[in-house]
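For reference, the structure discussed in these notes is given below.
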Amino acid sequence: MAVFNYKVVDRDGKNKKGTIEAPNRDGAERKLKSDGYSIMSLTEQSSPLAGVGFKKKVKSRDLGVFCKQFSAVIKAGVTIIAALELMGDQIENKTLRKAVSDARTYVEKGGTLADALRVNPDVFPPIMINMVAAGEMSGNLEICLDRLVEHFEKDNALSSKIKGAMTYPIVVLCVMVIVIIVVLVMVIPNFKDMFADMGADLPFATRAMMAAADFVKYKWWLLIIIIAAIVFALKVFKKTPVGEQLFANLGLKLPIFGNLNIKTACARFARTMSTLMASGISMIDAVEQVAKMMDNKIIRDGLMDAKTQVSKGIPLSKPLKDMEMLPPMLSAMTKIGEETGDIEEMLSKVADYYDEEVEAATNALTAAMEPLIMVLLACVVGMIVAAVYGPIMSMYSALDQY
């Protein structure tokens with residue numbers, strides 16, 4: 001049994017918090033909702049070391065391909081059990097293949113497909129589980145799967161744009177680190193014996209480089225330990241409440257990156273809300289599921305508060321407007337959709353708009369990173385030149401004295 005911390009609003013509108021035991025998160029949610037509570041936040045108690053290790057995840061692209069193929073098989077008249085068995089033999093991703101096999105076993109025992117997907121919540125995201133449940137209830141499973149295909153394809157395209165913008169600077173930085181290591185280990189030490197024979201003193205830049213070269217060459221293991229310790233400490237700190245809040249603030253306020261993160265969140269919010277509501281899921285549940293998908297704690301908490309306000313009859317556009325980190329256009333377009341009665345279509349258009357804004361922001365990020373990288377490279381090259389040519393100039397001066 002897992003233990004969860006919760007913050008809820010009771011039937012009288014009073015805030016409450018505490019802990020609850022349940023087999024999983026969905027079980028905790030069902031128990032709280034059955035008691036008449038509106039959930040504001042629900043987090044599992046865990047050791048700071050939990051989840052620190054690297055765990056392979058199923059990408060949006062893999063889920064999109066699965067939904068597309070599964071929809072095609074279902075449309076051909078194949079039963080769900082047979083379709084899951086057929087899909088399981090074709091999936092390359094081992095994690096997804098195992099999850100589909102578990103789902104097939106669950107359905108064979110008489111369970112629904114949505115409940116079968118809940119067996120592996122780390123593989124199948126809430127949006128997929130809820131839309132499959134809505135499709136089973138309405139008898140339009142194929143339509144819901146097609147909408148999931150579009151959602152996952154858009155989400156994958158969004159992630160690809162961001163990763164593409166970061167590829168160039170990361171590659172350049174890696175090459176720069178390799179060059180520095182080669183210079184420190186193979187080039188700079190050659191001057192040590194040369195100047196020792198001449199009895200001349202090395203310039204400060206070269207002495208600093210020599211010290212760094214000795215450290216890298218003879219104490220490389222200590223360097224690896226230091227880097228690993230820093231990465232480990234950051235991952236642990238990021239999972240603490242203070243660390244999560246700090247990184248959330250940095251994610252929204254950093255120059256260029258903050259703008260990109262906000263627009264990415266807006267695109268994901270609008271796209272997911274449109275997809276969920278078009279499938280017949282209520283706005284309250286849709287806002288809750290979208291909030292859980294957000295990586296940034298500040299945005300996630302804001303949307304959970306929006307869900308509470310919507311449950312009290314307040315239009316969604318109002319709490320969105322109160323979230324100062326979100327651009328005014330998101331709440332304004334949401335309000336227009338509420339007034340026209342076509343909020344799903346309006347949110348879809350907003351998502352398309354912010355998809356374009358994310359692309360423009362990634363291009364701006366790439367354009368801004370290029371001169372910064374050039375400046376960094378110039379500084380590194382300058383230090384290397386000073387370390388290499390400094391001894392040579394000192395050598396010439398020493399020879400002139402003879």
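The values are calculated or read from the model by the stated rules, or taken from the named source; none is laboratory data. Please read these numbers as outputs of a predicted model, since none were measured by experiment. Because the Cβ atoms are built from the backbone with ideal geometry, glycine has one as well, and the counts that use them run over all protein chains shown. Side chains included, ligands, DNA and RNA excluded: accessible areas come from the protein's heavy atoms. Shrake-Rupley method; radii C 1.70, N 1.55, O 1.52, S 1.80 Å.
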Discussion item. Restricting to the stretch 322-337, and then to whatever is open to solvent by 60 Å² or more (accessible area, probe 1.4 Å) and modelled with pLDDT of 90 or more, can you tell me which residue is farthest from I298 (Cα to Cα)?
Written reply: I336
Worksheet item: Failed condition for V350, given (1) modelled with pLDDT under 85; (2) under 18 Å from K154 (Cβ atoms); (3) open to solvent by less than 50 Å² (accessible area, probe 1.4 Å), with all others met?
Response: (1)
Discussion item. Quick check on the stretch 41-62. Is at least one of its residues at pLDDT below 80, under 30 Å from V310 (Cα atoms) and among the hydroxyl-bearing types (S, T, Y)?
Written reply: yes
Worksheet item: Conditions: (1) open to solvent by 30 Å² or more (accessible area, probe 1.4 Å); (2) part of a helix (DSSP H, G or I). L158 meets all but one. Number of the miss?
Response: (1)
Worksheet item: Can you find a residue in the stretch 225-233 that is surrounded by 12 or more Cβ atoms within 10 Å (Cβ to Cβ) and more than 23 Å from V380 (Cβ to Cβ)?
Response: yes
Worksheet item: Under the condition of being buried (at least 16 other Cβ atoms within 10 Å of the Cβ) and of a type in the set (A, V, I, L, M), which residue from the stretch 299-321 is farthest from L250 (Cα to Cα)?
Response: V310
Worksheet item: Going by the conditions given, is V381 more than 30 Å from I39 (Cα to Cα) and either open to solvent by less than 30 Å² (accessible area, probe 1.4 Å) or in contact with a Pro (Cβ under 7 Å, 6 or more places away or on another chain) (or both)?
Response: no
Fill in: Pairs where the first residue, in the stretch 121-132, is more than 15 Å from S274 (Cα to Cα) and the second is not in a helix (DSSP H, G or I), C-beta under 7 Å, 6+ apart
P121/N24; V123/V58; I129/R118
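Could you list all residues from the stretch 222-236 that are in contact (Cβ under 8 Å) with a residue 12 or more places away in the chain and among the hydrophobic types (A, V, I, L, M, F, W, C)?
F232, V236
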Item to complete: Determine whether the stretch 60-72 contains at least one residue that is among the β-branched types (V, I, T), more than 30 Å from K239 (Cα to Cα), surrounded by fewer than 18 Cβ atoms within 10 Å (Cβ to Cβ) and without any contact (Cβ under 8 Å) to a residue 24 or more places away in the chain.
Response: no
Discussion item. Regarding the stretch 120-138, can at least one residue be identified that is touching a helix residue (DSSP H, G or I) at 6+ places or on another chain (Cβ under 7 Å), of a type in the set (S, T, Y) and modelled with pLDDT under 85?
Written reply: no
Fill in: Lone unmet requirement of (1) surrounded by 14 or more Cβ atoms within 10 Å (Cβ to Cβ); (2) at pLDDT 75 or above for V375
(1)
Practice prompt. Within the stretch 272-316, count every residue that is of a type in the set (S, T, Y) and free of Cβ contacts under 8 Å to residues at least 40 places away in the same chain.
Written response: 1
Worksheet item: Name the pairs whose Cβ atoms lie under 6 Å apart, with the first residue in the stretch 237-257 and over 11 Å from I298 (Cα atoms), the second open to solvent by less than 100 Å² (accessible area, probe 1.4 Å) and not aromatic (F, W, Y), and 6 or more positions between them or separate chains?
Response: F237/G243; K239/P48; I256/L365; I256/A368
Worksheet item: On the given criteria, is N296 open to solvent by less than 60 Å² (accessible area, probe 1.4 Å) and at pLDDT 85 or above?
Response: yes
Worksheet item: Considering I284, I336, I314, which residue is over 22 Å from the mean Cα position of the chain (by Cα), outside any helix (DSSP H, G or I) and β-branched (V, I, T)?
Response: I314
Worksheet item: Going by the structure shown, is A213 more than 27 Å from I39 (Cα to Cα) and assigned to a helix (DSSP H, G or I)?
Response: yes
